[in-house]
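Read through the structure below, which is laid out as structure tokens, and then see the notes.
Bear in mind that the values in this text are calculations on the coordinates, not laboratory data. What you see is a predicted model; the values in this text were computed from it and never measured. Reconstructed Cβ throughout: ideal geometry from the backbone, glycine too, with neighbour counts over all protein chains shown.
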């Protein structure tokens, strides 16, 4: 079939045949030829598709930039928090260095009670610095065993205490802003 034949359509209605030239600039009823309508529609659809592709690419680039920016902000925020925490620990390091130096130069006349008080002060300063950043000890004294906060590492029979009561703490546990970062290692009463 040639191009000229492709532009012609034969219509059969009620036994009558008619030949319509689609390539002609004139169409029945003053409308544009079917082929021109198709070409115009295709061009319009291509333009819309190109526009949507461009918008999609812009949105994708914006999202990539947003993701990179938030990742960078998170990294910077984490570094700031870490630096703040380390800055709060520097006085502890200074006190430990002083205590170590004093212990090296001390003779047998050093008062053990003074040394104990110094260590307690350093411990208190450490808890205050870490508490500033949300660290809290998990209380165990007089408490019932709770697997969400405690890790049982032993059992003991004690008729004076209720089953499930914590008898002893072997290692202190801590929470940070409501989350357990280390459970308390405890011994639990079991009178079975």
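Expressed to the nearest 5 percent, the antiparallel share of DSSP beta bridges inside the range 137-192 is 60 percent.
Calculate, in nm to one decimal, what residue 94 and residue 70 gain on full extension: separation in residues at 0.36 nm each, minus their alpha carbon distance. If you can, show how the numbers build up before the last one.
Numbers: separation 24, 0.36 × 24 = 8.64 nm, distance 3.63 nm.
In short, 5.0 nm is gained.
Expressed as a fraction of 2.2 N^0.38 Å, the value expected for a compact globular protein of N residues, the C-alpha radius of gyration of the range 99-192 is 1.45. For the range 167-192, the residues whose amide N sits under 19 Å from a probe point set 7 Å from the Cα of residue 153 along the beta carbon direction are 167-175, 180-190.
With viscosity set to 1.306 mPa s and temperature to 10 °C, compute the Stokes-Einstein D of the range 137-192, Rh being the Kirkwood radius across alpha carbon pairs; µm²/s, no decimals.
Numbers: Rh = 11.2 Å.
Estimated via Stokes-Einstein, D reaches 142 µm²/s.
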